[in-house]
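The values are calculated or read from the model by the stated rules, or taken from the named source; none is laboratory data. This is a predicted model, so every value here is computed, not measured. We place every Cβ from the backbone using ideal geometry, glycine too, and count neighbours over all the protein chains shown.
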Amino acid sequence: MRKRRRMMLTDEASENFWPSFTDLISTISMILFVLVLLAYIQNLIAGKNLERTRSELAGMMLRLRSSQQQVASSERKLKVLASEIEAGQTQLALSRAQLDQQQAVISDSTRQLSEVRSRLQGIAVLRVEVLKKVKESIDAQLAGVVASASGARIAENGNIVIEESLVFESDSYSIRSEGKRFLDSVAKAFAKVLGDPNVRQNIDAIQVQGHTDEQGSVTYNRELSARRANAVLDYMFAADSQLEQTYGGYFASSAYSEFRPLNPEHNEAAYKQNRRIEISVVLKDASVRDIIDDYMKNLDPMVHTPEATPP
């Protein structure tokens, strides 16, 4: 009985075993299928990810190549810029050197200009001294003569200004008697002035100038001023024969018509002032130049060397 039960149990166990194994195999198969399916799905996902990654990598490579090109271009530009900066620095150094040189030249020119200004001031003083010397001599001889004559004066520039009314009638070049007495004294005074060799060496010419007002035509006024100047000079030569014979080469007459008025206004008072005879002493430029040359030699011997250029 027990034996039969054991056999029955064994049979039942055997029957129960095979279905369980079958279930286990099915389960394993399902697991494997699921695993394979998961692996396939994972491969699909991985493939898509790989493709996207490759695409992104290709894009990154393109961007990298573009960036490399930009870097290369920037490097070239940087080299050009560095070369330009170096050239600019060289030019700046040259400019600074030139600027320093120019500043040195300016400083030297300023110094030379100061020296020239000082010399010119000295020359001006010399010229004034020459004028003063001539004027003093003329004043010594003519001051009394002019002061005693109504209508004559010595101007600040040293010219003797003779009003028309002293020597001429209106619109006439005939000398009045009062004018003759005055011109007699003027002629003698100039003979004494020119008799001094120290004064005479500085005089180039003594001009007798005729001036009119603006009334009338230019031709008439020019002829009248010329005739009046010549009449005064002729009378002075006639009054003192020594003046013409010895010093005639110093005298000249000129006609300025209405073109050098003392008073530019248009009224009778101005016209009366402008109608006049002026006797002007012109300095001899060569004499003044000799004085200037001596003065400049004393200041700077190098100024008059053959290599030196006059300022």
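Here are some notes:
- Annotation: of all residues in segment 188-211 being under 43 Å from the mean Cα position of the chain (by Cα) and of a type in the set (S, T, N, Q), the one that is modelled with the lowest pLDDT is ASN202.
Residue-by-condition table, conditions (1) aromatic (Phe, Trp, Tyr); (2) closer than 21 Å to ASN157 by Cβ; (3) touching a Pro at 6+ places or on another chain (Cβ under 6 Å); (4) not assigned by TED's automatic domain parsing to the domain that holds SER150:
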{"position": "TYR173", "(1), (2), (3), (4)": "yes, no, no, no"}
{"position": "GLN209", "(1), (2), (3), (4)": "no, yes, no, no"}
{"position": "ALA229", "(1), (2), (3), (4)": "no, yes, no, no"}
{"position": "SER241", "(1), (2), (3), (4)": "no, no, no, no"}
{"position": "GLN245", "(1), (2), (3), (4)": "no, no, no, no"}
{"position": "ALA255", "(1), (2), (3), (4)": "no, yes, no, no"}
{"position": "ASN274", "(1), (2), (3), (4)": "no, yes, yes, no"}
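- PHE33 vs. criteria modelled with pLDDT under 75 and part of a helix (DSSP H, G or I): no
- Residues within segment 209-247 that are touching a residue at least 60 places away in the same chain (Cβ under 8 Å) and over 14 Å from ASP171 (Cα atoms), tallied: 3
- Pair list, Cβ < 6 Å and 6+ apart or interchain, from segment 194-208 residues that are under 17 Å from GLN245 (Cα atoms) to residues that are among the basic types (Lys, Arg) and part of a helix (DSSP H, G or I): LEU194/ARG200
- Within segment 256-276, the residues that satisfy the criterion of being assigned to a loop (DSSP other than H, G, I, E, B), of a type outside the set (Lys, Arg) and surrounded by 13 or more Cβ atoms within 10 Å (Cβ to Cβ) are GLU258, PHE259, PRO261, LEU262, ASN263.
- Residues (charged (D, E, K, R) and not in a loop (DSSP other than H, G, I, E, B)) located in segment 170-216: GLU178, LYS180, ARG181, ASP184, LYS188, LYS192, ARG200, ASP204
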